[in-house]
Structures are given as C-alpha cells and as structure tokens.
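As structure tokens, the structure follows; a few thoughts come after it.
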Amino acid sequence: MDQQQAPRFFIHGPSPFTRLIVFTTLSLALMASDSKFSYLHQVRQLLVTAIHPLQFVAFSPFKLTNDVQSYFVTQQSLKNEIEVLKKKNLYQGVQLQSLVMFKNENDNLRTLLETSKAGAQSSQLAEIMYTGRDPFTHKVIVNLGATNKILAGQAVVDSAGVIGQVTRVFTYTSEVTLLTDKDLSIPVQVERNTLRAIVFGNGRNNSVNLPYLPANVDIKKGDKLVTSGIDGIYPPGLAVAIVESVNTNVRSPFAQIVAIPAAGTQNHRQVLILTSDTNNLVAKDIEKVLGADAQNPLNKKEKVSRRNHGPT
Amino acid sequence: MLKIRSTKKKKSQEETMDQHSRRRVYFSLLAALLLQLLPFSGLLLQIKPDFLLLALLFWLLRAPQVCNVGIAWTAGIMMDLVSGDLFGQNALAYALTAFLAVMYQRRLILFTVLQQSAYVFLLLLVNQAILLMLKSFSGAEYFGWVYFMPSFTGILLWYAVLHSRYSFNFMAHK
C-alpha cells in the first residue's frame, strides 16, 4: 500500500544531461540533412503553413497602423505627389515612344539574324511583409506564395532595378534573397562597354562586389551594371548596381570593385516578381549556338564571337 | 484507506496544479514567439531582445518540471522555421543554453535578482555565441560587437521585468 513516491520537488523523466545529448544529436542530424540533402523541404513547407496564422497575427498591428496612416494622408501631400507623378509620366511617355521605335527595330534586326523575339515580361506585384530576422542574411518575406504560382528562382525587381531572387516558396509567402546577400550572385554586363562579370553580394554593408576581375579591367567609378541575361533568370538590361570604387592592390592580381545596388533594397514595400522567363531569348540563343556547335564544331569561334556582341 | 484517499486527492490536486502551470508556461511561450514574430526592421531589429529565450529561461528557472531542455529545443525549431535558418541551428543553441540554465537551477533560485540577472546575461551571450559559431560554419560573417546587442537589451528587459515584479510583490505585502 505504502508506495514509495518521489516528491514532486524533483524533476521527473530523463536527466537534463540525457535530454541534452538526445536533442543535440537530433539537431546536428537535422542540420546535416537540411544543408546537404533536401529531404526536409516538404516538412518545412508544411510547418511554415501551420505557423502562418501566428505570423498573420503578429503582422496585423503593423498592417493596421500602415493602413490607418495611409488613410490619413493630407491633401497637400497628395497634390504634390500627383504633380511629381505627372511630370515623371511626361518624361517617361517621351522615352516610351522612342522605346517602341527601338523595339520594332530590334525585332526586325532579330528576324534578320534569325533569333527568337523578345516576349513581353509579365509580373506580379508583391508586398514585403517583413525583413528576415537574421542580421547575417539579407532576406525579406513577401506576401505571395505557392498559391500565387510563385516559383523559386524568379527575379524580383522594383522600378529602379533588380532587388534579388525568390529563394524559397511557402504556401502563402515566399522568401526573397536580396542581391546584397552573401549567397546571391547575378551575371551582369557593364553598360558602357558590354563587359561581362558576376556581381556577388557583400553581406556586410549595403553593397555588392565584383571579384575575380583583373587589375587592369576597364571598369570606372560610376559605371552602370545591368543584367546580361545569360543566366536565363533575369531578363537582360535591368539595372543592378552602380560602381562606387575600383581599387587595385599590388598584393592581389584582382581589382577590388565595390558597387552600390541601383534598387532601394532597404526602403520598399512593394516589389515586382517577374514571371520565370522560360523562353528567355538570350538563353535560347545560347542553346541554339551550342546545338549548332555540336553539329559543326568548325564554325564555333565565329558564332560565339557574334553572340558576344549581339544581344545587349 | 482514508490515508490513501487523501494522498490520491492530493495527487490529483497536484496534477491539476501542474496542468494549470503547464498551460501558463505554454501560453507565455506562445506569446513570446508572437513578440519574436513582430515585423521589426532596421535598428529595432538589431537591438530586439530574444523574447522567446527570455521566456524559456524564466520558466526553466521557475518551473523546471514543466519547461525542460526538450521544450527549449522545440522552441528553437520554431525559431528556425520562422527565421528560415538551417533546421536545428536555433534548436541546438536553445537546448545547450537550457541545459546550462537547468544545471544550476537549484542554486540560481536562491540568488538575488541581480545575481540571477548576471547569470542569465551569461546564458544569453552563450546562446548568441553558439549561434554565431554554427552560422559561421555555413559561411556567415561576423559583424562586430553589434551582433551581441540583443543580449544587452535582453538582460535589461529581464532585470526591468523581474525588478518591477519583486517591488510590486513587496508593495502588495505591505
């Protein structure tokens, strides 16, 4: 009858040390499997969908204040904004007229060159919900997800240029890695001389690097870097960054080039997610060239050199 | 017979008490997670204390039979999910920190608020240091001392809350 019972004062169950060992092993295993294999992608997606209501609740007070603020805008500020927009519209209208002309001309030239024509790029307007919680990474979460047919790898832009790329898609949200993130790289071209390079995020301050370029490279301060489009992800010609400084060091065979992103990666609420350009013309051109090369490898040099100077 | 009944009653009472505090712990952890989820940005994001870890440490020291290393690990997994980190990064850091908290729990509850705060500050720093180490394995960079800012704000919050609570209790007793 008199059963010996441990007082409630003591902690029941396995000792903290046993628990520690178990959970440490478990998290190490999880980390390894998450970084090396992509088994956990489905699990993560499911769990993120499960937490979505929580995120919605946390986001709602900010949304409310935003809405209220945007409701109580003064008439004067609206008037000013309309004035500015009208002027901008006028300038852009003029530019657009010449653009139509150029487009027709380009199409004609492309038909002459027997390359595929550029299709119109469609896009979706997304709103940035919050910036990532990790000061190490430059990521933002936007309010479109798998239900809006967003795919990982789509390019994200604003009116001034490239912001980054969709890296993870959840059911109602998706994660956009900014171009200043250490892990993101974008193939670019110098607008002035069509020199190709790859831009890497710096990760530290709001800037990007162009490593692995020789010390005597023809890049100057103020050069505009635009997407080259050869990756098949970013459509060609989008502004990426403006060169801030070019340093050459005797110790290093490479130039240290720092550029500042053209788009406001820090101060935006709305961004455009470009629909994956499956018939990206430059990528198609390259494929075509490669296919042709496989057939007659003798003409290789000539064709490649033509492609290098052709599409900008 | 009577004795048995009384012990049974006591046990059930204890169980309901336990359940009650269990619910309270889970609820407060959920609230802390919500605070953690608030869409801060810029400077506010940099100085934002780790609310979830603070709540965890609070319960680890006060209700170690409810809040244990396993709960800390689960909370860490939640943090991994919402921050989009590698699975298990925050979980490992939280579990290790929780273990360090539980190890000296008996002694800590006898300490004054100030002494406790000092230890909790150490724990917060340890948590961030572990995270820093794990993240640098996957190629992150160190930004200087600003990285440890959440520990400083966290301990200020901890001290402010506990101090106000104690003074409040003291006043109520008077």
A careful count of residues in region A:116-140 that are at pLDDT below 70, in contact with a Lys or Arg (Cβ under 7 Å, 6 or more places away or on another chain) and of a type in the set (D, E, K, R) gives 1
For region A:51-61, enumerate the residues that are at the interface with chain B (Cβ under 9 Å from one of its Cβ atoms) and more than 25 Å from the chain's Cα centre (by Cα). A:Leu54, A:Val57, A:Ala58, A:Pro61
Do you know which of the residues in region A:213-261 that are without any contact (Cβ under 8 Å) to a residue 24 or more places away in the chain and β-branched (Val, Ile, Thr) is farthest from A:Leu274 (Cα to Cα)? A:Val250
Whether any residue in region A:197-207 is surrounded by fewer than 16 Cβ atoms within 10 Å (Cβ to Cβ), basic (Lys, Arg) and out of contact with any Phe, Trp or Tyr (no Cβ under 6 Å at 6 or more places or on another chain) is what I want to check. yes
Taking helices (runs of 4 or more DSSP H) that do not extend beyond region B:64-163, which have at least 2 residues that are under 25 Å from B:Leu37 (Cβ atoms), touching a helix residue (DSSP H, G or I) at 6+ places or on another chain (Cβ under 9 Å) and within 8 Å of chain A (Cβ to nearest Cβ)? B:69-83, B:89-103, B:113-137
Identify, from the list B:Thr97, B:Thr74, the residue that is under 24 Å from A:Val22 (Cα atoms), at pLDDT 85 or above and surrounded by fewer than 24 Cβ atoms within 10 Å (Cβ to Cβ). B:Thr74
Residue satisfying condition, being touching a residue at least 60 places away in the same chain (Cβ under 8 Å) and on the phi < 0 side of the Ramachandran plot, within set A:Thr24, A:Thr49: A:Thr49
Scanning region A:20-38 residue by residue, the ones that are at the interface with chain B (Cβ under 10 Å from one of its Cβ atoms) and within 24 Å of the chain's Cα centre (by Cα) total 2
Before we move on, is A:Ala50 modelled with pLDDT of 85 or more and under 30 Å from B:Gly84 (Cα atoms)? yes
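From the list B:Ser6, B:Ser12, B:Ser21, B:Ser83, which residue is within 25 Å of B:Ile130 (Cα to Cα), among the polar types (S, T, N, Q) and either touching a Gly at 6+ places or on another chain (Cβ under 7 Å) or at pLDDT below 90 (or both)?
The match here is B:Ser83.
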Suppose the filter is part of a loop (DSSP other than H, G, I, E, B) and either modelled with pLDDT of 80 or more or not aliphatic (A, V, I, L, M) (or both); does A:Gly93 pass it? no
So which residues in region A:163-202 are touching an Asp or Glu at 6+ places or on another chain (Cβ under 8 Å), away from every other protein chain (no Cβ under 14 Å) and not in a strand (DSSP E or B)? A:Glu191, A:Arg192, A:Asn193, A:Leu195
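The values are calculated or read from the model by the stated rules, or taken from the named source; none is laboratory data. Because the structure is predicted, anything quoted here is derived from the model rather than measured. Ideal geometry is used to build each Cβ from the backbone, glycine not excepted, and the neighbour counts take in all protein chains shown.
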